[in-house]
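**Q** Can you read through this structure? Questions will come right after.
The values are calculated or read from the model by the stated rules, or taken from the named source; none is laboratory data. Quick caveat: nothing in here was measured; it's all calculated off a predicted structure. Neighbour counts are summed over all protein chains in view; Cβ atoms, including those assigned to glycine, are modelled from backbone coordinates with ideal geometry. Accessible surface areas use protein heavy atoms only, side chains included; no ligands, DNA or RNA. Shrake-Rupley method; radii C 1.70, N 1.55, O 1.52, S 1.80 Å.
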Amino acid sequence: MKHLLTILALVGAIGIAAPAWADETPAASAATSTAVAAAQATPAAMVATASAEPAAAVPAPVLNKADNAWIMVCAALVILMSLPGLALFYGGLVRTKNMLSVLMQVFVTFALISVLWVVYGYSLAFTEGGSFFGVLDKVFLKGVTADSLGATFSKGVFISEFTFVIFQGAFAAITCCLIVGAFAERAKFAAILVFMVIWFTLSYAPMAHMVWYWAGPDAYVDAAAAEAAGATAGFLFQKGALDFAGGTVVHINAAVAGLVGAFMIGKRIGYGRESMAPHSLTFTMIGASLLWVGWFGFNAGSALEASGGSALAMVNTWLATACATMSWMLAEWLLKGKPSMLGAASGAVAGLVAITPAAGFVGVMGAIVIGLLAGVICLWGVNGLKRILGADDSLDVFGVHGVGGVLGAILTGVFAAPSLGGTGVYDYVANAVGEYDMGAQVISQLWGVGTVIVWSGVVSVVAFKLVDMLIGLRVPEDEEREGLDITSHGESAYHY
C-alpha cells in the first residue's frame, strides 16, 4: 500500500507539472473545420468593421439555452455509455468468476478520470498553450463560473463552459474505460488505476488538445486573424485532420493502449486451450444497446448545438450502426454457418466506432458505406488480424476500436467531399464551405491516425513498464485461476 500511495503521489505530480510544449508549426490555412468536437471557453472578441461611421458596440455573448440544454442531455447520454453500457457489455463477455472485477474496473476508472479531468485534465486539453499541451491556468476549474461561456461552431452562439466541461469529461472517462477490456481477467486492480493516471495525463489530454483545441469561430474575422488564430490551435488541428467525435482521440488512442497492455501483461492462463466463452450474452446485448443509445449523445452532441448538423450526425450514427450490424452478422453467417448474438452486438459497436470521426461530415450514403465496411473489416480484425498479432486482447478492443477507428478516420477524408454528399470543410473567413481537396484531406487524416498510434503506443509502453517495475501488472497465477471477483474484491457476481 505504501508503494501504491507513493506511485499515485508521483504520477499526480507529473500530471500537474506537465509542460505546455510550444510548437512553431504555422497555421495550415484560413479554412478551418467544423469537425472539432471542442471549442475554447472564451472566444476571441469580434473585430468591428471599419467604416466612416463610428463602430457599433460588439454585443455581449449570450447563452443559447436550447443548445446548452441539448449538450447537457448529451453529456448524460455519454455517461450512460460507460455506466452501465460499457460495463455490462464487457461484463457479459468475461467468465463468471471475473464479472464483478470488470464492472469494478470500468466503474472506478470512470470515477477516477472524472476527478482528474476537473483537477487538471480540462486545463491541459482546452487552454491555449503549445501545439501538444494546454497550460494549467484552469486547474480545479479555476475561473470557470456559472456565467462562463464556451464557443460552439457558429459565430455568436455560446453554451455554458460548465456544460462543455462535463461533456468533454465524459469523453475522457469512457476512453480510459475502453482500455480495460484488452487485458481483462488478469491485471491487478491497483496497477490499472496507476496506469490510467499516467496514460490519461500523457496521452488522452494531449491528443484531445492536438485534435480539438482551437480559438473558436469568432476569432476568424479575416485572413490575418485566421492565420494568427490557427497558429494557436492543436498540432493535428493545424494539419487539417477531421475528427468529429473521437475516432483518433478516443478509439484509436484507447485501442493502441489496450493492445500494448495485452502484449506486456501476457496471455491469460489457458488461453487457446481452455474455453473462455462469454458468460452472459444477455448482458452483452443490453450493454451494446445502451452504447447505441448513448452514442447519439457522443456523436450528435459533438456538434455543440441543437442544429441540422447535429441531426445529420444522429442519423448517420443510427444508420451506420445498423449497416455494420447486418454486414458483420451476414459475413459471420456465411463463414460459420450461423448468425450469432455476439456477432450482431460486436458489429453494432464496430459501426458506432467507425462513424464517430465522420458523423457530422458525411452524407447518408457515406454512412451506409462506412457501416457496411466496418462490419466486415472489424470481423477480420477480431479474427484474422488478432491471430497475426498473437496478443490476447481479451475483449477485442483493438480489433473493433482500433481497426474501426482507423477505417472511419481515413474514410472521413473521402466521404466528407461535397461531391459524395459530404459537408466539406467550412471556411470561417468566407463564411461558406471552401473548396475540397480529397487527396489532401486523406493525407491529413493519415497524419491523425499515425500520430495517435505512435503517441499512445510510446506513452503506453512507458506507463506499463513503470507500473510493472513498481507494483507489478499481473495477479499471481493462483488468484487468476480462482477469479478476480473473489481474490481482488472479495465478492461474487452470483450466488447459486
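**Q** Tell me the net charge near residue 71. Cut-off is 12 Å between Cβ atoms, residue 71 excluded, with +1 for each Lys or Arg and -1 for each Asp or Glu. Display every interim value, and only then the final one.
**A** Values: positive: 65; negative: 67, 161, 305.
So the surrounding residues net to -2.
**Q** If you count only protein heavy atoms and use a 1.4 Å probe, how large is the accessible surface of residue 488, to the nearest 10 Å²?
**A** Solvent-accessible area, nearest 10 Å²: 50 Å².
**Q** Oh, and also: Show me the trypsin sites (Lys or Arg not before Pro) within region 51-143 that DSSP assigns to loop and that have at most 15 other Cβ atoms within 10 Å of their Cβ. Write down the numbers at each step before the final one.
**A** Numbers: sites: 65, 95, 97, 138, 142; in loops: 95, 138, 142.
Taking region 51-143 and a limit of 15 other Cβ atoms within 10 Å, the loop trypsin sites (Lys or Arg not before Pro) found are 142.
**Q** Among residues other than residue 483 whose Cβ falls under 9 Å from its Cβ, what is the net charge (Lys/Arg +1, Asp/Glu -1)?
**A** -2
**Q** Next question, about the same structure. Given the convex hull of the Cα atoms of the chain, what is a quarter of its surface area in nm²?
**A** 23.2
**Q** Net charge near residue 418, counting Lys/Arg +1 and Asp/Glu -1 over other residues with Cβ under 15 Å of its Cβ?
**A** -3
**Q** Sticking with this structure for a sec: Could you state how much accessible area residue 275 has, in square angstrom rounded to the nearest 10, with a 1.4 Å probe and all protein chains kept in place?
**A** That residue has around 100 Å² of solvent-accessible surface.
**Q** Give the residue list of chymotrypsin sites (Phe, Trp or Tyr not before Pro) in region 264-345 that are DSSP loop and have at most 14 other beta-carbon atoms within 10 angstrom.
**A** Numbers: sites: 271, 283, 292, 295, 296, 298, 318, 328, 333; in loops: 271.
For chymotrypsin sites (Phe, Trp or Tyr not before Pro) across region 264-345 that sit outside H, G, I, E and B with at most 14 neighbouring Cβ atoms in 10 Å, the list reads 271.
**Q** Output the relative contact order of the chain, whole-number percent, from Cα pairs under 8 angstrom with separation of 6+ residues.
**A** Computed over the chain, the figure is 23 percent.
**Q** With a ≥ b ≥ c the root eigenvalues of the C-alpha gyration tensor of region 197-303, is it rounded (a/c under 1.5), prolate (a/b larger than b/c) or oblate?
**A** Verdict is oblate for region 197-303.
**Q** Taking the square root of 5 times each eigenvalue of the Cα gyration tensor, what semi-axes in Å does the equivalent ellipsoid of region 369-457 have, largest first?
**A** Equivalent-ellipsoid dimensions as semi-axes: 31, 15, 9 Å.
**Q** If exposed GluC sites (Glu not before Pro) are those in a DSSP loop with at most 14 other Cβ within 10 Å, what is the longest stretch of the chain that has none?
**A** Within the chain, the longest run free of exposed GluC sites (Glu not before Pro) spans 25-273.
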